[in-house]
1. I'd like the full set of residues that are open to solvent by 10 Å² or more (accessible area, probe 1.4 Å) and in a strand (DSSP E or B), limited to region 124-144.
2. So Gly79 passes all but one of these: (1) open to solvent by less than 40 Å² (accessible area, probe 1.4 Å); (2) assigned to a helix (DSSP H, G or I); (3) closer than 23 Å to Val155 by Cα; (4) not β-branched (Val, Ile, Thr). Which condition number does it fail?
3. Take Lys119 and tell me if it is open to solvent by 80 Å² or more (accessible area, probe 1.4 Å), assigned to a loop (DSSP other than H, G, I, E, B), among the basic types (Lys, Arg) and modelled with pLDDT of 90 or more.
4. So, Ser18, is that one within 19 Å of the chain's Cα centre (by Cα) and either of a type in the set (Ser, Thr, Tyr) or open to solvent by 90 Å² or more (accessible area, probe 1.4 Å) (or both) or not?
5. Using beta carbons and a limit of 6 Å, which pairs, at least six apart or on different chains, have the first residue in region 17-28 and in a helix (DSSP H, G or I) and the second one open to solvent by less than 80 Å² (accessible area, probe 1.4 Å)?
6. Quick check on region 95-113: of everything there that is closer than 15 Å to Lys15 by Cα and among the small types (Gly, Ala, Ser), which residue is surrounded by the most Cβ atoms within 10 Å (Cβ to Cβ)?
Amino acid sequence: MKYIVIGGIRSHHVKIASLLRGIDNYYSRSNERFHTLLINTGQHYDLELAKQYIDEFNLNYDHDYTGLYESLDPVDLLGGMITKLHKTFSEINTKDSIVIIFGDANTTLAGAISAAKNKLPIAHIEAGVRSGLIKQTEEQNRIIADHLADYRFTVIPHDLVNLEAEGLKQNSFW
């Protein structure tokens, strides 16, 4: 199994470190083999904060797009992330892979769209969160990511109610 894990904002680095520990723990008790491929979209990068987390958690990104965008305008950045992720997915062996995305950042949306376009299964962690503010970028990102995801993992039980209301009960877990 190959886990393609996508992050791009500071909180993603913390979550990725925790996820990797969980995956390592699971596979240390089985004969199954696994591989992780880490991708940093570089959506938010601050030398003092982001690098601190990356270094502290010893995250070694296989693909790091930090600083590779021509424009930091949110729409341009989103388009750049989608293009880079789509190209990466097309170039790597994605057999037996699942793409893991977190939360509601533009990185989340870019990962969901790129994985869906490459017909890769998607797991969305922090699924089902809803503010009811559809004009809010993060709300749009959450809804689209949840609808593209094959597996949805919620943080609290109420988020399952939100997913069920949208017809996404199957393969949704708390």
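The values are calculated or read from the model by the stated rules, or taken from the named source; none is laboratory data. What you see is a predicted model; the values in this text were computed from it and never measured. Neighbour counts run over all protein chains shown; Cβ positions are idealised from the backbone, glycine included. The protein model used for the area step is the full one, side chains on, heavy atoms only, and it has no ligands, DNA or RNA in it. Shrake-Rupley method; radii C 1.70, N 1.55, O 1.52, S 1.80 Å.
1. Ile125
2. (3)
3. Criteria met by Lys119.
4. yes
5. Listed pairs, sorted by first residue: Ala17/Phe57; Tyr27/Phe34.
6. Ala105
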